[in-house]
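K.L.:
Structure in structure tokens, see below.
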Amino acid sequence: MAAPAVLAEQLSKTFRVAEKEPGFAGTLRHFVRRRYRRIEAVRGVSFEIAPGEVVGFLGPNGAGKTTTLKMLTGLIQPSSGRARVLGRDPYRREAGLLRELTLVMGNKQQLIWDLPVLDSLRVNAAVYEIPWAEAQHRTAELAEMLGVAEVLRQPVRKLSLGERMKAELLASLLHRPRVLFLDEPTLGLDVNAQLAVRRFLKAYRERYGATLLLTSHYMADIEALAERVIVIHEGRLLYDGPLGGLVERFAPFKEVRLMLARPAAAAAFARFGEVEEAGGLRVRLLVEKDRLTGVVAELLANFELRDLSVDEPPLEEVIGRVFAKGAV
Amino acid sequence: MRYLRLLGIFWAASAAARMEYRAAFVVAMFASVIETAGKLFGVYLFYSSGFELGGWPWQEALLVLGFAQLVDAFFLLFFVPNLRRISEMVQDGTLDFVLLKPVDSQFWVSAQKLDPIGLPYLLLGAAVLGYAGWASGLGAGGWAWLAFAGAGAVFLVYALAFLLATTSIWFVKIFNVVHFLSSMIWSAQYPVQAYARPFRLFLTFVLPVYFMTTAPAELALGRAGGGAPWAMFLVGLGLFAFSRAFWRFALRFYTSASS
Ligand SMILES: Nc1ncnc2c1ncn2[C@@H]1O[C@H](COP(=O)(O)OP(=O)(O)OP(=O)(O)O)[C@@H](O)[C@H]1O
Ligand SMILES: [Mg+2]
């Protein structure tokens, strides 16, 4: 196997944070004698990502995803363990490595707020020593892929959230990095904009063979982009493998959807599996795979049905279970 | 050179951003011109009476004042906007983007902003220095020293300002630093010899005020006999080296705003 593009070896990060009680007395005490608490944000996480791979990085709020990305991009130093990107230690922040990677954050922006996007691009072109003609060429190409060509001359503060995020991506990719770290790049975007960003990332990856590590709370992002997912919970690695395997492992269920001819009480379905929705004409059940054929036969025999379909459970549901279990 | 190009781009962008709000910019510029004129009038009143300060003839004391104005102009032009920006970037975590760029981060954070509001002060400083130099009868060598010493003084104040700005990595909000520095510059308007002795020692060895204006003036006037004025370059270089080391040290404590 080729050398990994990204490597995490027993990565850990402990933060020390000052705690303050609410109110004035609390403030005084806080001022005189601070009390600190240690937060183990990431605890011994290991994984490898091969060049060209796209990996979804999942976990509930506060799981340690952003902290891990910060260690991998060299913004903060691991408390222990080792991070390597393209074989180099990111915390040394060597110019050679910085030219090969990028970090996109859905909730922070590098664009200059009061000026048109092009001004920010000009700064980045100078920083990465891209001749302006070449930078313009790249800008045109990326802007076309993203569909934001028209707004590049508008001040950033006048762009919509979606336009701004796309422009942000453009600015982050002007130097054609080989390794992309994306922290919730679709945060707060509407469905269309999410789709556009997803398509763009896919196209970028195909065109430049880039490696992507991507976090998102929208499962559609992960389903569309990642073949492999890494799940962490409370700083620990829970799962690392193909997306399909996650469903196998944590949700050996199928989702059965019914359309009844006549309403039936929710209680009538409890014995078949987990009832997600019932009470009206529409019913959704989670049924264990082993019992599926039996349950379907019974449903057909006992209810008058307009329609019945069997599907994989929604990924959100599976992820919810993973987080709830909190163990492999 | 890449850094020079970057400097040009930063300043153009930052001036453009400031001028994006036209009305505010015009008002601020106007206020700055008025204030400059007021200062000039104060200077005129003070020195036209032929005062002697700490044994300095008035033309030479005016040179000290000129250096103070110059330093103050750079303070407004560069140091204040960048100081503010550093603490903002620590606060909202956008310092991340600077750290991820293949560029010296200290260069970036101390050069990214320029506030054109400082320009009238710069003109005033240059005018006062020019007039004082002429009145003190500087020769060609004296003028060369004046330019050199002026650059040295600005460099020294930069190093000091940056050193203080770096503390925002821990304290996040550092607006007091701006007040502290500007009162330091204010106290540098007069030759240190005009202050009582304990003060003078304080302004030389604790706060490097002596090296900001009195020392450059002494150099330009060819009074570097005791060697003390030369120390300004040592102090400047020392502070600069220290500010670089301190910045690198401080970044180890930067945890970047959570998200
Ligand atoms: N700079 C910091 N200082 C102190 N504690 C921090 C800091 N950054 C993160 N933490 C803590 O570390 C834990 C992990 O945070 P992190 O931001 O990595 O989570 P996340 O997985 O990105 O969550 P989310 O999905 O909400 O973005 C949290 O408990 C958080 O409070
Ligand atoms: Mg996060």
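K.L.:
Exactly one condition in (1) crowded, with 19+ Cβ neighbours inside 10 Å; (2) of a type in the set (Lys, Arg); (3) away from every other protein chain (no Cβ under 14 Å) is not met by A:Arg122; state its number.
P.N.:
(3)
K.L.:
Select from segment A:55-100 the residues that are near ligand 1 (Cβ under 9 Å from one of its atoms), in contact with a Lys or Arg (Cβ under 7 Å, 6 or more places away or on another chain) and in a helix (DSSP H, G or I) and list them in ascending order.
P.N.:
Selection gives A:Thr67 alone.
K.L.:
Only helices (runs of 4 or more DSSP H) wholly contained in segment B:144-258 count here; list those with 1 or more residues that are modelled with pLDDT of 85 or more and closer than 30 Å to B:Trp134 by Cα.
P.N.:
The qualifying helices (runs of 4 or more DSSP H) are B:175-187, B:215-220, B:231-251.
K.L.:
Could you grab me the full set of residues in segment B:69-80 that are surrounded by 24 or more Cβ atoms within 10 Å (Cβ to Cβ) and either within 12 Å of B:Ser110 (Cβ to Cβ) or within 11 Å of chain A (Cβ to nearest Cβ) (or both)?
P.N.:
If the condition is that a residue be surrounded by 24 or more Cβ atoms within 10 Å (Cβ to Cβ) and either within 12 Å of B:Ser110 (Cβ to Cβ) or within 11 Å of chain A (Cβ to nearest Cβ) (or both), then B:Phe79 is the only one that fits.
K.L.:
Can you list residue pairs whose Cβ atoms sit under 8 Å apart, with the first residue in segment A:39-53 being more than 16 Å from A:Gln10 (Cβ to Cβ) and free of Cβ contacts under 8 Å to residues at least 24 places away in the same chain and the second being within 16 Å of ligand 1 (Cβ to nearest atom) and of a type in the set (S, T, N, Q)? Count only pairs 6 or more apart in sequence or on different chains.
P.N.:
none
K.L.:
Report every pair of residues separated by at least 6 positions or lying on different chains whose Cβ atoms are under 9 Å apart, first residue within segment A:101-113 and in contact (Cβ under 8 Å) with a residue 24 or more places away in the chain and more than 7 Å from chain B (Cβ to nearest Cβ), second assigned to a loop (DSSP other than H, G, I, E, B) and of a type in the set (Val, Ile, Thr).
P.N.:
Pairs found: A:Leu101/A:Thr73; A:Thr102/A:Thr73; A:Gly106/A:Thr186; A:Gln109/B:Thr94.
K.L.:
Next up: Could you please give the count of residues in segment B:81-132 that are aromatic (Phe, Trp, Tyr) and surrounded by fewer than 18 Cβ atoms within 10 Å (Cβ to Cβ)?
P.N.:
Adding up the residues that qualify gives 2.
K.L.:
So for segment A:290-309 (the condition being touching a Lys or Arg at 6+ places or on another chain (Cβ under 8 Å), under 30 Å from A:Leu225 (Cα atoms), of a type in the set (D, E, K, R) and modelled with pLDDT of 85 or more), does at least one residue qualify?
P.N.:
No.
K.L.:
In the list A:Phe15, A:Phe24, which residue meets the criterion of being of a type outside the set (Gly, Ala, Ser), out of contact with any strand residue (DSSP E or B) (no Cβ under 7 Å at 6 or more places or on another chain) and more than 18 Å from A:Val179 (Cβ to Cβ)?
P.N.:
Testing whether each residue is of a type outside the set (Gly, Ala, Ser), out of contact with any strand residue (DSSP E or B) (no Cβ under 7 Å at 6 or more places or on another chain) and more than 18 Å from A:Val179 (Cβ to Cβ) leaves just A:Phe24.
K.L.:
One residue is enough: does segment A:117-126 have a residue meeting the conditions part of a loop (DSSP other than H, G, I, E, B) and either closer than 30 Å to A:Gln154 by Cα or not basic (Lys, Arg) (or both)?
P.N.:
Within segment A:117-126, not a single residue is part of a loop (DSSP other than H, G, I, E, B) and either closer than 30 Å to A:Gln154 by Cα or not basic (Lys, Arg) (or both).
K.L.:
Let me ask something else. Report, by residue number, each residue of segment B:204-259 that is more than 14 Å from every other protein chain (Cβ to nearest Cβ), under 30 Å from A:Phe15 (Cβ atoms) and of a type in the set (Gly, Ala, Ser).
P.N.:
Hits for segment B:204-259 are B:Ser243, B:Ala245.
K.L.:
Return the total of residues in segment A:39-65 being surrounded by fewer than 22 Cβ atoms within 10 Å (Cβ to Cβ) and within 12 Å of ligand 2 (Cβ to nearest atom).
P.N.:
So the count comes out to 3.
K.L.:
A further question on this structure: Across segment A:157-192, what is the total count of residues that are more than 15 Å from A:Ala220 (Cβ to Cβ) and either more than 16 Å from ligand 1 (Cβ to nearest atom) or in a helix (DSSP H, G or I) (or both)?
P.N.:
24
K.L.:
Oh, and also: Take segment B:3-24 and flag every residue that is in contact (Cβ under 8 Å) with a residue 24 or more places away in the chain and either facing chain A (nearest Cβ under 9 Å) or surrounded by fewer than 16 Cβ atoms within 10 Å (Cβ to Cβ) (or both).
P.N.:
B:Tyr3, B:Leu6, B:Phe10, B:Ser14, B:Arg18, B:Met19 - these are the residues of segment B:3-24 that are in contact (Cβ under 8 Å) with a residue 24 or more places away in the chain and either facing chain A (nearest Cβ under 9 Å) or surrounded by fewer than 16 Cβ atoms within 10 Å (Cβ to Cβ) (or both).
K.L.:
Which residues, taken from segment A:64-97, are within 22 Å of the chain's Cα centre (by Cα), facing chain B (nearest Cβ under 10 Å) and over 21 Å from A:His233 (Cα atoms)?
P.N.:
Within segment A:64-97, A:Gly74, A:Leu75, A:Pro90 qualify.
K.L.:
Next up: Return the only residue of A:Asp190, A:Asp183 being within 25 Å of A:Leu246 (Cα to Cα), acidic (Asp, Glu) and either surrounded by 20 or more Cβ atoms within 10 Å (Cβ to Cβ) or away from chain B (no Cβ under 14 Å) (or both).
P.N.:
A:Asp183
K.L.:
Looking at segment A:128-142, which of the residues that are touching a residue at least 24 places away in the same chain (Cβ under 8 Å) and either touching a Gly at 6+ places or on another chain (Cβ under 9 Å) or not in a loop (DSSP other than H, G, I, E, B) (or both) is nearest to the other protein chains (Cβ to nearest Cβ)?
P.N.:
Within segment A:128-142, the match that is nearest to the other protein chains (Cβ to nearest Cβ) is A:Ala135.
K.L.:
Name the single residue, out of those in segment A:37-75 being out of contact with any Ser or Thr (no Cβ under 6 Å at 6 or more places or on another chain), under 24 Å from A:Ala18 (Cβ atoms) and of a type in the set (Val, Ile, Thr), that is modelled with the lowest pLDDT.
P.N.:
Within segment A:37-75, the match that is modelled with the lowest pLDDT is A:Ile39.
K.L.:
Taking segment A:11-38 as the search range and keeping residues that are closer than 25 Å to A:Leu238 by Cβ and surrounded by 14 or more Cβ atoms within 10 Å (Cβ to Cβ), which one is nearest to the other protein chains (Cβ to nearest Cβ)?
P.N.:
It comes out as A:Phe15.
The values are calculated or read from the model by the stated rules, or taken from the named source; none is laboratory data. Since the structure is predicted, the reported quantities are computational estimates derived from the model, not experimental observations. FYI the Cβ positions are ideal-geometry reconstructions off the backbone, even for glycines, and counts take in every protein chain you see.
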